[in-house]
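*Asks:* Okay, handing you the structure first.
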Amino acid sequence: NIIDLDKAPEIINFYGRTDELSTLSKWIVSDRFRVISLLGISGIGKTTLSLKLIQQIKTNFNYIIYRTLRFSPTLTTTLTNLLEIFAPETETSDNIETLLSQLQKYLEKYRCCIIFDDVHKLFAPGKLSGQYKSGYEDYRDFFQLLVTVSHQSCLLLISREKIPEITKLETENYPVQTLILGSLGAAANEICQKHQLVDRESWEKLINNYQGNPRWLDIVATTIQELFSGQVAEFLEYETLILPEALQAELEQQLQHLSPVEIRVMEQIANQNQPISMGEIIRKSELSIQESVNVIQSLKKRLLLDGQLENNLTVFTLNPVWKEYLKNKL
Ligand SMILES: Nc1ncnc2c1ncn2[C@@H]1O[C@H](COP(=O)(O)OP(=O)(O)O)[C@@H](O)[C@H]1O
Ligand SMILES: [Mg+2]
């Protein structure tokens with residue numbers, strides 16, 4: 001079988017994620033879902049998990065292909081690139097429909113697993129979630145096609161944001177599944193270990209404070225090692241969540257991709273001590289009901305905002321690390 005990983009990073013450390021790995025391989029290998037989306041905020045470990053997954057499932061496929069959409073290739077470029085793997089010799093067309101039919105034939109003939117990473121890069125910055133950049137709308141039809149036509153392959157879409165077509169087809173009972181990746185959990189202890197932190201009894205609190213996000217924990221552990229001689233308890237003594245510069249830079253970069261109205265609402269929520277209801281958001285933001293609904297839905301699709309039921313009222317909370325960042329920014 002052929003494994004073509006192109007620009008995939010090499011995985012050096014891999015901790016935990018046993019449940020996620022078995023869920024994904026079940027969906028892909030036994031249940032044969034045609035399209036699977038793997039979602040999660042930046043740094044939570046989506047890319048790493050997908051590459052580990054390849055090692056587990058590779059014997060079940062004729063082709064395993066990993067491609068990042070980080071540099072926003074057009075659909076024509078992506079399809080041409082894929083077709084070259086199946087038939088290096090053939091002339092490629094510049095007609096999307098021809099390219100799609102050619103690819104479809106290979107996906108029927110062979111069992112392929114195609115991983116598209118960084119799918120969120122197809123969406124326009126400065127707008128609400130899930131709106132394709134101009135010139136990239138045809139990806140929508142491509143994703144939809146791979147769900148709705150019959151073939152024996154699997155497309156794994158990795159994204160920081162929900163992909164609108166996939167959400168829609170999921171509710172229509174097509175063979176589609178979504179896994180939202182959360183905290184690394186107890187396996188994050190190994191990150192503390194790797195950075196030679198001490199005060200083991202405080203590690204759990206540290207991991208929870210930073211949402212079990214391996215990238216955030218890596219940054220924080222580096223700071224604890226540098227400035228607190230690895231003493232986690234001392235680092236946790238302060239009232240506020242400490243956000244090292246590298247972590248702030250990460251968040252700032254993502255903030256730049258949001259729409260101005262989302263940033264405004266996030267800042268307002270960040271300044272609340274309690275979870276906030278839809279009604280309060282509308283009052284505080286002075287947006288119309290329509291606008292507020294759109295913004296809240298968008299932030300939820302980006303997994304930045306979480307809604308819970310409290311005394312029969314849905315209330316929203318911001319990711320705590322984001323909350324701290326936005327509070328300090330004002
Ligand atoms: N299961 C894991 N075990 C160890 N390190 C991990 C794990 N998952 C992620 N990491 C580390 O965390 C960082 C972010 O992971 P990555 O997969 O790039 O996240 P994402 O793709 O969700 O943004 C990387 O440095 C990676 O090595
Ligand atoms: Mg990634």
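The values are calculated or read from the model by the stated rules, or taken from the named source; none is laboratory data. These numbers come from a predicted model, not from an experiment. Glycine also receives a Cβ, built like all others from the backbone with ideal geometry; neighbour counts cover every protein chain displayed.
*Asks:* Specify which of the listed residues (LEU51, LEU82, LEU38) is within 13 Å of ligand 1 (Cβ to nearest atom), assigned by TED's automatic domain parsing to the domain that holds GLU172, surrounded by 18 or more Cβ atoms within 10 Å (Cβ to Cβ) and assigned to a helix (DSSP H, G or I). I'd like the intermediate steps shown before the answer.
*Replies:* Working: LEU82 fails: within 13 Å of ligand 1 (Cβ to nearest atom); LEU38 fails: assigned to a helix (DSSP H, G or I).
Exactly one of LEU51, LEU82, LEU38 is within 13 Å of ligand 1 (Cβ to nearest atom), assigned by TED's automatic domain parsing to the domain that holds GLU172, surrounded by 18 or more Cβ atoms within 10 Å (Cβ to Cβ) and assigned to a helix (DSSP H, G or I), namely LEU51.
*Asks:* Scan segment 271-281 for residues that are surrounded by fewer than 18 Cβ atoms within 10 Å (Cβ to Cβ) and among the hydrophobic types (A, V, I, L, M, F, W, C) and jot them down. Spell out the reasoning first.
*Replies:* Residues of segment 271-281 that are surrounded by fewer than 18 Cβ atoms within 10 Å (Cβ to Cβ), as a first pass: 271-275, 277-280.
If the condition is that a residue be surrounded by fewer than 18 Cβ atoms within 10 Å (Cβ to Cβ) and among the hydrophobic types (A, V, I, L, M, F, W, C), then MET278 is the only one that fits.
*Asks:* When you go through GLY45, GLY16 one by one, which is the residue that is closer than 23 Å to LYS162 by Cβ, surrounded by 18 or more Cβ atoms within 10 Å (Cβ to Cβ) and not assigned by TED's automatic domain parsing to the domain that holds GLN193?
*Replies:* Working: GLY16 fails: closer than 23 Å to LYS162 by Cβ.
Among GLY45, GLY16, only GLY45 is closer than 23 Å to LYS162 by Cβ, surrounded by 18 or more Cβ atoms within 10 Å (Cβ to Cβ) and not assigned by TED's automatic domain parsing to the domain that holds GLN193.
*Asks:* Go through segment 213-253 and give me each residue that's touching a Leu at 6+ places or on another chain (Cβ under 9 Å), in contact (Cβ under 8 Å) with a residue 60 or more places away in the chain and not charged (D, E, K, R).
*Replies:* Within segment 213-253, ASN213, PRO214, TRP216, LEU243, LEU251 meet the criteria.
*Asks:* Right, something else. Against the condition surrounded by fewer than 19 Cβ atoms within 10 Å (Cβ to Cβ) and touching a Lys or Arg at 6+ places or on another chain (Cβ under 9 Å), how does LYS58 come out, does it pass?
*Replies:* On the way: surrounded by fewer than 19 Cβ atoms within 10 Å (Cβ to Cβ): yes; touching a Lys or Arg at 6+ places or on another chain (Cβ under 9 Å): no.
Answer is no for this residue.
*Asks:* Inside segment 54-79, can you point out the residues that are away from ligand 1 (no atom under 16 Å from the Cβ) and more than 28 Å from ALA124 (Cβ to Cβ)?
*Replies:* Let us first name the residues in segment 54-79 that are away from ligand 1 (no atom under 16 Å from the Cβ), namely 57-65, 72-79.
Selection gives ILE57, LYS58, THR59, ASN60, PHE61, ASN62, TYR63, ILE64.
*Asks:* In addition: Go over the candidates GLN253, GLN248, GLN211, GLN196 one by one and state the one that is under 28 Å from ILE11 (Cβ atoms), among the polar types (S, T, N, Q) and surrounded by 18 or more Cβ atoms within 10 Å (Cβ to Cβ). Break it down into steps so the answer makes sense when it comes.
*Replies:* Values: GLN253 fails: surrounded by 18 or more Cβ atoms within 10 Å (Cβ to Cβ); GLN248 fails: surrounded by 18 or more Cβ atoms within 10 Å (Cβ to Cβ); GLN196 fails: surrounded by 18 or more Cβ atoms within 10 Å (Cβ to Cβ).
After ruling out the rest, the residue left standing is GLN211.
*Asks:* Right, another one. Please tell me if LYS168 is away from ligand 1 (no atom under 16 Å from the Cβ), on the phi < 0 side of the Ramachandran plot and either assigned to a loop (DSSP other than H, G, I, E, B) or charged (D, E, K, R) (or both).
*Replies:* Numbers: away from ligand 1 (no atom under 16 Å from the Cβ): yes; on the phi < 0 side of the Ramachandran plot: yes; either assigned to a loop (DSSP other than H, G, I, E, B) or charged (D, E, K, R) (or both): yes.
Yes; evaluated as a whole, the condition is true for this residue.
*Asks:* Starting from segment 1-30, take each residue that is of a type in the set (D, E, K, R) and list its partners that are in a helix (DSSP H, G or I) and more than 13 Å from ligand 1 (Cβ to nearest atom), counting only C-beta distances under 9 angstrom and pairs at least six apart or across chains.
*Replies:* Filtered contacts from segment 1-30: ASP4/ILE85; ASP6/ASN81.
*Asks:* While we're here: Could you please let me know if TYR15 is more than 15 Å from ligand 2 (Cβ to nearest atom) and within 23 Å of GLY182 (Cβ to Cβ)? Explain how you work it out, then say what you get.
*Replies:* On the way: more than 15 Å from ligand 2 (Cβ to nearest atom): yes; within 23 Å of GLY182 (Cβ to Cβ): yes.
Answer is yes for this residue.
*Asks:* OK, next. Can you name the helices (runs of 4 or more DSSP H) wholly within segment 244-330 that have at least 3 residues being within 17 Å of the chain's Cα centre (by Cα)?
*Replies:* Values: elements: 245-255, 260-270, 278-285, 289-301, 320-329.
Hits in segment 244-330: 245-255, 289-301.
*Asks:* Moving on. Among LYS301, LYS329, which is at pLDDT 90 or above, of a type in the set (D, E, K, R) and within 29 Å of ASN213 (Cα to Cα)? It would help to see each step written out before you state the result.
*Replies:* Values: LYS329 fails: at pLDDT 90 or above.
Result: LYS301 is the single residue among LYS301, LYS329 that is at pLDDT 90 or above, of a type in the set (D, E, K, R) and within 29 Å of ASN213 (Cα to Cα).
*Asks:* Further question on the same structure: Which of (1) modelled with pLDDT under 95; (2) within 16 Å of ligand 1 (Cβ to nearest atom) is the odd one out, the single condition TYR15 does not satisfy?
*Replies:* (1)
*Asks:* Search segment 102-141 for residues being within 16 Å of ligand 1 (Cβ to nearest atom), among the charged types (D, E, K, R) and not in a loop (DSSP other than H, G, I, E, B), and hand back the single one that is surrounded by the fewest Cβ atoms within 10 Å (Cβ to Cβ).
*Replies:* Ranking the qualifying residues of segment 102-141, first place goes to LYS121.
*Asks:* Could you look through segment 61-79, keep only residues that are aliphatic (A, V, I, L, M) and either under 13 Å from ASP6 (Cβ atoms) or within 11 Å of ligand 2 (Cβ to nearest atom) (or both), and pick out the one that is surrounded by the fewest Cβ atoms within 10 Å (Cβ to Cβ)?
*Replies:* The initial filter retains those residues of segment 61-79 that are aliphatic (A, V, I, L, M), namely 64-65, 69, 75, 79.
Pick out the ones that are also either under 13 Å from ASP6 (Cβ atoms) or within 11 Å of ligand 2 (Cβ to nearest atom) (or both) and you get 64-65, 69.
Details: ILE64: 24, ILE65: 22, LEU69: 19.
Here the residue is LEU69.
*Asks:* For segment 99-134, what are the residues that are modelled with pLDDT under 95 and over 28 Å from ASN60 (Cβ atoms)?
*Replies:* Residue satisfying the conditions is GLY130 alone.
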